[in-house]
Amino acid sequence: GVAGPPSPVVAAGGRGGFQYLDSRDDPLLRGVDLRSTYIENAQRVTTKSAGRILVDGRRGPLVVAAEGVKRQVYVGFSPLDSDFPLTVGFPIFVANALDYLGGRKVSDAFAVLAGQQFQMTADSDAPATVARPDKSTYQIEPLQGRYIVRGIDQVGTYKVSAGGRDVTVYADMRDDLESGVNAQDFVTIKKDKVATVGSLRRFADFWKPLALIALAVLALEWWMYARRS
């Protein structure tokens, strides 16, 4: 809700209520719908050359992303100035933003699950040295132009050195399925797939149209009675 010098936008002056206009198909907005979001107070801005408008409002951009030396996401309104935190899409947007800003692979650093092996391209026939979180090291011989790194059995930071290149590997216990908050088409329970279903209809959902039909029948009956009288 406040644009600063490093932001991918420039403050254009003025604040006020904004209304959703359009959005782009982007991983940052996967599972997020801002069409019915009420925004009481937002900042009017213009985008810089590196900024990509992801959500546009009737008075200017609402969500802008940028990629450069570092990734940035600008939201034109404070969540407390809207009902966005009360919607299902809010925690999904936060999770998408964390994945976008942090990423799972950045230059010479990436993350794997503890216990998972991974491979790296071998630029020479020299062995690679793997430094474990407990400071112990071991070497790996290249196999068909690749290093196959095993023994990632501890959570922590590993460093793989080969041919003058150092690669940092973070081993964690993250489960992408457990940490994913996006809606799923189905879940697997004991090898059985349980698919999602549409909204369940109850009798209470039909009481209004039934009441209108009953009222119309009563009105017609009274009209016929009055006409015969």
- Task: Scan the stretch 192-204 and give yes if some residue there is open to solvent by 90 Å² or more (accessible area, probe 1.4 Å), out of contact with any Ser or Thr (no Cβ under 7 Å at 6 or more places or on another chain), modelled with pLDDT of 75 or more and closer than 30 Å to residue 30 by Cα, otherwise no.
- Result: yes
Of the residues in the stretch 61-78 that are open to solvent by 10 Å² or more (accessible area, probe 1.4 Å) and not in a strand (DSSP E or B), the one that is modelled with the highest pLDDT is 78
Pairing a residue in the stretch 5-32 that is free of Cβ contacts under 8 Å to residues at least 40 places away in the same chain and surrounded by fewer than 16 Cβ atoms within 10 Å (Cβ to Cβ) with any residue that is part of a loop (DSSP other than H, G, I, E, B) and of a type outside the set (Lys, Arg), where Cβ atoms lie under 6 Å and the two sit 6 or more apart in sequence or on different chains, gives 11/3
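The values are calculated or read from the model by the stated rules, or taken from the named source; none is laboratory data. Given the structure is predicted, the values throughout are model-derived calculations rather than measurements. Quick reminder, even Gly has a Cβ in these numbers, built from the backbone with ideal geometry, and neighbours come from all protein chains shown. Note: areas computed on protein heavy atoms with side chains; ligands, DNA, RNA excluded. Shrake-Rupley method; radii C 1.70, N 1.55, O 1.52, S 1.80 Å.
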